[in-house]
Amino acid sequence: MPEQIEDQEANASSQSENGSPDEREIPKALSLLPLREGVLFPGMVAPLHVTRENVITLIDEAAAKGNRYVAVAALRNPDVEEPTLADVHTIGTAAYIRMMLKLPDGIRLMVQGLERVRVVRVLQEKPYLQVEVETATPSGAPVDPDSLEAMRRTALEQFSRIVSLSSQLPDDLQTAANSISDPAALADFIAANLPISVAEKQTLLDAIDPEVRLKGLLVYLTREAQMLELQGKIQSEVSSEVGKTQRDYYLREQLKAIQKELGEAEPGAEELADLRQRLEAAELPAEAKKEAERELERLSKMPPQAAEYTVSRTYLDWILSLPWNKGTEDRLEIPEVKRILDEDHWGLEKIKDRLLEYLSVRRFRPDGRLRQPILCLVGPPGVGKTSLGRSIARALGREFVRMSLGGMRDEAEIRGHRRTYIGSMPGQIIQGIRRVEANNPVFMLDEVDKIGMDFRGDPTSALLEVLDPEQNNTFRDHYLDVPFDLSRILFITTANLIDPIPGPLRDRMEVLELSGYTEDEKLHIAKRHLVPKQLGEHGLKQDEHITFEDSGLLAILRGHTREAGVRNLERQIAAICRKTAREFAEGRTEPVRVDAEQVRRALGSPRFEWEELRDRVARPGVATGLAWTPVGGDVLLVECASMPAEGQREMGLRLTGMLGDVMKESAQIALSWVRSHASEIGIPPEALRGKDLHLHVPAGAIPKDGPSAGITLATCLVSLLSGRLERPEVAMTGELTLTGRVLPVGGIKEKILAAHRVGVKRIVLSERNRKDVEEDVPEAVRKDLEFVFCANLNQVLDAALLPAETSQA
């Protein structure tokens, strides 16, 4: 229990003999009580807490001897543990100890300041300081009473003003100050209660003359009054601008304090703890970890109701959710990978070989960093480019991400939006990686040739960094703003055309061309993939409900589809499955056998007739060419007719069929060569006089251009002017020069497959395209066709046209 030492008896005896403590004579020798912080003024009662051993000894001996008078002086340096006379101010206050209360951690005192004293000399240093003091009296210079009273009133007025402006000073101080009429006592009272520094209070204590003291006090009062007025003005302006958000903030802060008192969890504390735990567990790179820690620290100082809280919280969630060091392990058993690729796709040997080569190298460098290839699959629609990407992922044992670039115009779809925008998010690259939770997926960028650009940026330029193996290891998304390593991702892009892809982007990719399928390949694809898929989607069972015969599939291929891929083939198979499902729903019990006759009943008459080609070339002036289109190859029929010319002008040539400039020039070159070599190729002179020629390429609504129809146009003109018919089931392609040379052209595989689909048996093309036929065209197709490689137009005419006597017969 604390021990309280009362001074009632001592006070009673002292007061009865010598009056109150203020009336008794203060001893000249006093124990010195140094103050670390604060100044005691005469007439003031102040509580003190004593913890130092030497001071406690001083108090105990004072209590034991009944001597309650001490000298109180402020320390010059509050950090001094054992002060000497030099460490305390010379001017102090003689004080009387009103009450002492012993506590476990020291003694609590209540002392009353009596009068100013000046320390003269030291009487004792150990165990505590004891000094000789003398009363500090004014100098005795004459003082103007009116001036002193004026300063008293001014000080009182300023102090009243300060009390009214300050929220820290109680209003009772103003009442107490009004009751003090003595200027010196008022100055001490105000100095003791004014919120100024210890040094400034000591300056006022050192002022012995009341006039000097009041002048110094007025300086401090004026300064404090001005500061409080300025502070009130600022608070008023700020308060007027504080809206509902700030008001809610204060209310919620109060609510947090109430919840804390009630023992309830602070809002957001659990969430912050979860984020810290995730951050410690995540193996983030150094820069990403530094940014996450900085954002988490910022989030911890933000109220959950702030608008920025959700933005910062979402950002942290994105950083902590990304698989910085988490990936799947590649399947390096080459035979197993080959089996999976063959199981999913028929053909496509070049692409399969490229992937197997990549995995074989990786097998020999398991610990090294192997640069991931950037593959670009180029081919017509429906040949399986997109599905091939999924098959590659399955074969490698990786996750698969597909991103469609068709019609994309905003660069932010690739790089993301900066966090300054409302609703900002990372780009599709980072989003896809987060979805699969692996940093090495197979990432397919579909339709890379169909990206647009507008005022929002150019997405193809943003892809330059993504698809560059030398740069994408430090890809920086605008939203994350920290580098993320994309070098472990296997990027696969797809396109129908290679030309629309910008050169710098195309240079970063390894282009693999996918041509159309042969009839035999389509038959195998239908039997192994399309038919089982459609049976499953329609709820039908093989043999129990329906059976597809080879003859039925061939009837669909030849009569109802004419394409490079297999999309239309799948649609026709689905149509037959729907009709079969309806028949069973209406009561059929026997399985449907899909042969050629069943295809005709289900799908109607064939849309494409095989006899069309033979019928069209049964007259002079018709030639069959081959063309390349974005959806594969196609057969191009060229027709020519002659008519009497008006007047004696030279032979004119009219071109129709929506031809481009290059194709029109090819027609002019063909006519010039025919006219210059008319006698050599058996064209009578009268056939060139007084006539105009009209050359037309059917399907006039479809634009056509390019030089590859040069020999076809020349053959058509020679056929018309010489009367020689084109050989049945012949097609040709090649560029013609003015001297009659046949130059190579592109798209050979697509053109040959198109010719094979329509029943062409002989193909005429440039000698320099021989390597393309041998390398790209499947062997099964080469066996069905006869190839005639020509170096000049005379060889082309011999291979493509019947002899004159045969044509006349």
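The values are calculated or read from the model by the stated rules, or taken from the named source; none is laboratory data. Keep in mind that what you see is a predicted model, and the values were worked out from it rather than measured. Quick reminder, even Gly has a Cβ in these numbers, built from the backbone with ideal geometry, and neighbours come from all protein chains shown. Ligands, DNA and RNA are stripped out before the accessible areas are found, and what is left, the full protein with its side chains, is counted by its heavy atoms. Shrake-Rupley method; radii C 1.70, N 1.55, O 1.52, S 1.80 Å.
If residue 709 passes every condition in (1) under 12 Å from residue 636 (Cα atoms); (2) open to solvent by 20 Å² or more (accessible area, probe 1.4 Å) but one, which one does it miss? Of (1) under 12 Å from residue 636 (Cα atoms); (2) open to solvent by 20 Å² or more (accessible area, probe 1.4 Å), only one is false for residue 709: (2).
When the range 504-553 is filtered for residues that are among the small types (Gly, Ala, Ser) and at pLDDT 85 or above, the ones remaining, listed by number, are 526, 536, 539, 551, 552. Among the residues making up the range 200-237, those that are of a type in the set (Asp, Glu) and in contact (Cβ under 8 Å) with a residue 24 or more places away in the chain are 206, 209, 211, 224, 229. Tell me yes or no: at least one residue of the range 730-746 is in contact with a Ser or Thr (Cβ under 6 Å, 6 or more places away or on another chain), open to solvent by 10 Å² or more (accessible area, probe 1.4 Å), within 17 Å of residue 622 (Cβ to Cβ) and not aliphatic (A, V, I, L, M). No, the range 730-746 contains no residue that is in contact with a Ser or Thr (Cβ under 6 Å, 6 or more places away or on another chain), open to solvent by 10 Å² or more (accessible area, probe 1.4 Å), within 17 Å of residue 622 (Cβ to Cβ) and not aliphatic (A, V, I, L, M).
Of the residues 291, 297, 287, 357, the single one that is modelled with pLDDT of 80 or more, out of contact with any helix residue (DSSP H, G or I) (no Cβ under 6 Å at 6 or more places or on another chain) and under 30 Å from residue 514 (Cβ atoms) is 357.
Screening residue 176 against (1) among the aliphatic types (A, V, I, L, M); (2) assigned to a helix (DSSP H, G or I); (3) buried (at least 18 other Cβ atoms within 10 Å of the Cβ) leaves a single unmet condition, (3). The set of residues in the range 65-117 that are closer than 14 Å to residue 35 by Cβ and of a type in the set (Lys, Arg) contains only 76. Within the range 754-776, being farther than 19 Å from residue 707 by Cβ and buried (at least 24 other Cβ atoms within 10 Å of the Cβ) holds for 756, 757. Checking the condition modelled with pLDDT of 80 or more, over 22 Å from the mean Cα position of the chain (by Cα) and either surrounded by 12 or more Cβ atoms within 10 Å (Cβ to Cβ) or not in a helix (DSSP H, G or I) (or both), which residue from 328, 314 passes? Answer to the selection: 328.
Candidates are the residues of the range 554-605 that are of a type in the set (Lys, Arg) and under 52 Å from the mean Cα position of the chain (by Cα); the one that is modelled with the lowest pLDDT is 562. Filter the range 404-423 down to residues that are over 20 Å from residue 323 (Cα atoms) and under 8 Å from the mean Cα position of the chain (by Cα) and give me whichever is most open to solvent (accessible area, probe 1.4 Å). The selected residue is 418. Filtering the range 580-598 to residues that are closer than 18 Å to residue 543 by Cβ, surrounded by 12 or more Cβ atoms within 10 Å (Cβ to Cβ) and not hydroxyl-bearing (Ser, Thr, Tyr) leaves 581, 583, 584, 588, 591, 592, 593, 594, 595, 598. Here is a list of conditions, (1) modelled with pLDDT of 85 or more; (2) over 60 Å from the mean Cα position of the chain (by Cα), and residue 689 meets all of them except one; can you say which number that is? (1) is the only condition that residue 689 fails. Residues in the range 376-394 that are at pLDDT below 85 and either over 29 Å from the mean Cα position of the chain (by Cα) or not small (Gly, Ala, Ser) (or both): 10 in all.
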